[in-house]
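Just so you know, all these numbers are worked out from the coordinates, no wet-lab data involved. Source: prediction; values computed, not measured. As a convention, Cβ positions derive from the backbone with ideal geometry for all residues, glycine included, and neighbour counts pool all protein chains shown.
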Amino acid sequence: MPYFIYQVTEFPFRQLKKLEQHDAYRTASVRVKQLRTELAVGSPAMIKMIHAESELQAEDLLNQVRDPAPELGDD
């Protein structure tokens, strides 16, 4: 399964822009770190990497709302 790299913007509405696709985690990870350092300070965009079978599945996973992680003491 490939690794997809997206630029995600939340305002005024959530937008996904596919930037790249890589077959190996290491190359995708290095590229994501490089793209994040190139973002302008204060930019509303985020760079995200997702592991998925297809571009459609990657965008579906990126659009899913996830519950916040439980904090210490939450039962």
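Which number in (1) in contact with a Lys or Arg (Cβ under 9 Å, 6 or more places away or on another chain); (2) loosely packed, with under 12 Cβ neighbours inside 10 Å marks the one condition that Phe4 misses?
(2)
List pairs: first in region 44-57 and at negative phi and loosely packed, with under 13 Cβ neighbours inside 10 Å, second of a type outside the set (Val, Ile, Thr) and part of a strand (DSSP E or B), Cβ under 8 Å, 6+ apart or cross-chain?
Met46/Gln7
Of all residues in region 1-54, which are over 24 Å from Val65 (Cα atoms) and touching a helix residue (DSSP H, G or I) at 6+ places or on another chain (Cβ under 7 Å)?
Hit for region 1-54 is His22, nothing else.
I need the full set of residues from region 26-43 which are surrounded by 11 or more Cβ atoms within 10 Å (Cβ to Cβ) and either among the polar types (S, T, N, Q) or at positive phi (or both), in order please. I'd like the intermediate steps shown before the answer.
Of all residues in region 26-43, those surrounded by 11 or more Cβ atoms within 10 Å (Cβ to Cβ) come to 27-33, 35-36, 39, 43.
Those that are surrounded by 11 or more Cβ atoms within 10 Å (Cβ to Cβ) and either among the polar types (S, T, N, Q) or at positive phi (or both): Thr27, Ser29, Ser43.
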